[in-house]
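Colleague: The structure's right below; bear with me while I get my questions together.
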Amino acid sequence: MSAPAAPAAPAAGGAGGPARGERLKEGSKEHDVRTANIIAAKGVADAVRTSLGPRGMDKMIQGQDGGVIVTNDGATILSHLQVFHPTAKMLVELSKSQDIEAGDGTTSVVVLCGSLLNACSQLLTKGIHPTVITAAFQAAGEKAEEILNTVAIPISLADRDKLIQAAVTSLSSKVVSQDSGVLAPIAVDAVLSITPPTATNVDLRNIRLVKALGGAIEDSELVPGLVFSKKASHVAGAPTRVAGAKIGLIQFCLSAPKTDIENTVVVSEYSAMDRILREERKYILDMCKAIQKTGANVLLVQKSILRDAVNDLSLHFLAKMKILVVKDIERDEIEFISKTLGCAPVAHIDSFTPDKLGAADLVEESNAGGDAKVIKITGVAHPGRTVSVLVRSTSTLVLDEAERSLHDALCVVRSLVKKKAMIVGGGAPEMEMSLQLQRWAKGLTGMQAHCVRAYAEALEVIPYTLAENAGLHPISIVTELRKQHAEGHKTVGINVRHSTISDLTEESVLQPLLVSTSALSLATETVCMILKIDDMVVVR
Ligand SMILES: Nc1ncnc2c1ncn2[C@@H]1O[C@H](COP(=O)(O)OP(=O)(O)OP(=O)(O)O)[C@@H](O)[C@H]1O
Ligand SMILES: [Mg+2]
């Protein structure tokens with residue numbers, strides 16, 4: 001046995017022992033796998049780079065079915081990307097994780113990850129072992145988060161204006177940015193109306209976004225109740241406005257039962273036909289009478305795939321009974337509706353009793369521009385549980401993007417509820433982290449210092465890309481920004497509106513702390529995971 005201090009035996013075939021971090025012979029394959037992985041992941045990051053920031057570009061995605069989406073949302077772009085390489089898929093997953101965790105920053109996280117991987121490949125070519133890089137990156141990630149926490153500004157949920165500013169920032173990079181004056185307050189009020197001041201999380205499932213084609217985006221509104229983007233039944237002069245509504249939510253069909261698929265009923269004489277029709281009429285009339293008996297004057301009918309949920313006959317009877325009918329309610333809307341209205345869904349006519357009904361002051365069908373109609377249910381008995389947002393636009397492409405953007409804005413407000421702190425945007429936090437990490441690295445030694453410095457430099461990709469996308473000269477802007485931060489101006493960032501750099505607190509470019517910390521930790525985690533892979537095994 002050799003003494004602990006004895007030099008390691010030379011590697012097989014290698015003169016003078018392992019010069020690099022890995023053994024030379026087997027090392028080449030591991031190196032190839034790692035390089036291939038990094039290249040694949042960087043390809044994905046490059047695909048979304050141009051979308052970053054308020055002056056970022058949008059992507060047009062054409063599906064195989066010919067459908068077109070125009071979007072700026074990183075998570076949406078990546079989820080439609082057809083990627084085959086497993087590491088590239090990790091980046092798609094990364095943006096999905098960010099979308100779940102914070103909801104915004106899904107482009108930044110991928111761009112950041114790409115830049116960190118770039119730094120890794122340079123460190124690897126210098127012969128630094130992946131384990132050393134991983135350890136240093138993890139330490140740097142934690143330190144960077146600490147730095148972010150020190151520059152964060154605490155806020156309170158009562159400060160509605162600050163929340164709106166954060167929502168405006170997140171909307172500023174979207175197609176619908178010119179309407180952020182309308183959408184941002186809607187997002188903030190929607191979250192606040194279902195959140196008690198002491199809450200630490202928000203369930204966004206309690207906010208329902210309803211898209212209505214017709215009208216302009218500025219006609220979008222917050223409805224403290226329910227809204228359906230459909231028509232009420234107009235058969236036989238049915239009512240379209242009911243005050244003091246008693247609302248029933250049914251899951252059974254108001255139509256005649258059907259035979260089994262393989263069975264047929266052969267009717268050979270007129271009297272038998274007559275009897276069937278009479279029976280059908282009686283069957284439906286009995287059901288309608290039972291509904292009327294409960295006192296319901298509004299009926300929401302779930303869509304059915306077995307047979308028609310309602311037919312002309314039942315609609316006719318219900319119209320005569322002055323019951324407003326909304327049909328084709330989707331299965332997945334049932335829970336939200338019953339929570340909002342305080343009604344219970346009824347699966348069979350026998351169990352339909354008055355205690356299952358919900359109440360609201362007004363149910364009304366109104367015009368939504370053009371032929372489109374919406375039905376609003378307002379003045380619900382227990383407000384504050386849920387809220388609906390009606391998003392309107394005349395173009396489907398804009399409407400879909402408005403919905404996605406509004407979702408981002410809601411997530412931003414939720415992030416502020418989860419963690420009540422904000423930071424300025426525009427590349428200022430990344431530059432500050434980069435600077436302070438480099439200072440921290442000066443106190444470290446050896447490889448770790450080198451890796452931390454590389455990590456710090458990689459963070460500059462955000463201000464660099466923001467400047468590039470805004471048509472500014474990235475190198476001069478980033479250098480100037482670095483100088484300002486070195487002089488202690490922590491909130492100086494890229495002022496995209498005036499194509500210069502300035503203190504962004506004056507411009508109110510604020511974003512939640514959680515979005516940045518989550519992006520940072522998720523990106524670091526993914527980079528470390530990719531680095532630690534040294535072989536790929538394909539199994540069948
Ligand atoms: N008015 C502004 N001026 C300067 N920078 C801004 C402004 N508004 C946003 N930013 C910056 O733009 C970046 C966010 O860009 P963007 O919203 O396109 O990407 P994302 O939030 O990472 O991803 P996504 O919104 O697609 O989920 C942040 O770094 C933010 O600080
Ligand atoms: Mg954003």
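Colleague: For helix 474-486, what angle does its Cα long axis make with the longest principal axis of the chain, in degrees from 0 to 90 and rounded to 10?
Modeller: Once rounded, one gets 80 degrees.
Colleague: Read phi for every residue in the stretch 106-121 and hand back ³J(HN,Hα) as whole Hz from Karplus 6.51 cos²θ - 1.76 cosθ + 1.60, θ = phi - 60°, with x for Gly and Pro.
Modeller: Computed from phi, the couplings for the stretch 106-121 are 6, 7, 3, 4, 6, 4, 4, 4, x, 5, 5, 5, 4, 4, 4, 5 Hz.
Colleague: Need one number: nm distance between label points at Lys483 and His382, each 7 Å from Cα along Cα→Cβ, rounded to one decimal.
Modeller: 6.2
Colleague: Go from 0 up to the bin containing the longest alpha carbon distance in the stretch 303-387, width 10 Å each, and give me the % of pairs per bin.
Modeller: Histogramming the stretch 303-387 at 10 Å steps yields 14, 41, 39, 6, 0 percent.
Colleague: If you put +1 on each Lys and Arg Cβ and -1 on each Asp and Glu Cβ, how big is the dipole of the stretch 226-369 around its Cα centre, in Debye rounded to 20?
Modeller: With Lys and Arg at +1 and Asp and Glu at -1, about 440 debye.
Colleague: Taking Cα atoms, how many degrees apart are the long axis of helix 270-293 and the longest axis of the chain, rounded to 10 and kept between 0 and 90?
Modeller: 70
Colleague: Among Val537, Val83, rank each residue by its count of other Cβ atoms within 10 Å, from fewest to most, as a rough exposure measure.
Modeller: Taking fewest neighbouring Cβ atoms as first place, the list is Val537, Val83.
Colleague: Given H placed on each backbone N at 1.01 Å, which residues far from Ser393 in sequence or on other chains put an amide H within less than 5 Å of it?
Modeller: Result for Ser393 returns Ala212, Gly214.
Colleague: Amide H neighbours of Leu52 under 5 Å, counting only residues 5+ apart in sequence or on other chains, H built in-plane at 1.01 Å?
Modeller: Sorted by chain and number, the residues that satisfy this are Met57.
Colleague: Okay, moving on. Taking every DSSP beta bridge that has both residues in the chain, what percent is antiparallel when rounded to the nearest 5?
Modeller: Bridges in the chain that DSSP calls antiparallel: roughly 65 percent.
Colleague: A further question follows. Between their Cα atoms, which of Lys293/Lys356; Lys162/Lys376; Lys89/Lys420; Lys230/Lys303 are more than 22 Å away from each other?
Modeller: Exceeds cut-off: Lys162/Lys376; Lys89/Lys420.
Colleague: Let me ask something else about it. Quick one, what does Rg over Rh come out to for the stretch 226-369 if you take C-alpha atoms and the Kirkwood Rh?
Modeller: Radius of gyration relative to Kirkwood radius: 1.00.
Colleague: Determine the distance separating the Cα centre of the stretch 434-451 from the Cα centre of the stretch 194-267; give it in Å without decimals.
Modeller: Here the two parts' Cα centres lie 58 Å apart.
Colleague: Tell me what the chain gives for mean residue ellipticity at 222 nm when only DSSP H runs of n ≥ 4 count, each as -39,500 (n - 2.57), the sum divided by the residue total, rounded to 500 deg cm²/dmol.
Modeller: Computed ellipticity for the chain at 222 nm equals -15500 deg cm²/dmol.
Colleague: When Rg is the radius of gyration of the Cα atoms in the chain and Rh is its Kirkwood radius, what does Rg/Rh come to?
Modeller: We get a ratio of 1.12 for the chain.
Colleague: Could you work out the longest stretch of the chain that avoids the GluC sites (Glu not before Pro) located in DSSP loops with at most 16 other Cβ atoms within 10 Å?
Modeller: Here the longest run is 1-261.
Colleague: What are the ³J(HN,Hα) couplings of the stretch 417-427, residue after residue, when phi is run through the Karplus curve with 6.51, -1.76, 1.60 and θ = phi - 60°? Round to Hz, x for glycine and proline.
Modeller: Along the stretch 417-427, the couplings run 6, 5, 9, 7, 8, 10, 9, 6, x, x, x Hz.
Colleague: Then there's this: If the only charges are +1 at each Lys and Arg Cβ and -1 at each Asp and Glu Cβ, what is the size of the charge dipole of the stretch 233-318 around the Cα centre, to the nearest 20 debye?
Modeller: 500
Colleague: Moving on. Which cross-chain or sequence-distant (5 or more) residues have an amide H under 5 Å from the amide H of Asp328, H modelled 1.01 Å from N in plane?
Modeller: Under 5 Å from the amide H of Asp328 lie the amide H atoms of Val301, Lys303, each far enough along the sequence or on another chain.
Colleague: With θ set to phi - 60°, apply the Karplus curve 6.51 cos²θ - 1.76 cosθ + 1.60 along the stretch 318-331 and write out the HN-Hα couplings as whole Hz, x wherever there is a Gly or Pro.
Modeller: The phi angles translate into 5, 5, 5, 7, 6, 9, 7, 10, 10, 9, 6, 6, 6, 4 Hz.
Colleague: Gain in length, Asp65 to Tyr270, computed as 0.36 nm per residue apart minus the alpha-carbon separation, to one decimal in nm?
Modeller: 68.9 nm
Colleague: So, one more: Mind giving me the nanometre distance, one decimal, between the label points for Lys258 and Tyr283, set 7 Å out from Cα along Cα→Cβ?
Modeller: 1.3
Colleague: Hey, another quick one. Looking at the stretch 226-369, what % of its DSSP beta bridges pair antiparallel, to the nearest 5?
Modeller: DSSP beta bridges in the stretch 226-369 are roughly 35 percent antiparallel.
Rule-based calculations on the coordinates, nothing more; no lab input. Everything numeric in this text was worked out from a predicted model, so none of it was measured. Here Cβ is always computed from backbone atoms with ideal geometry, including for glycine, and neighbour counts include all displayed protein chains.
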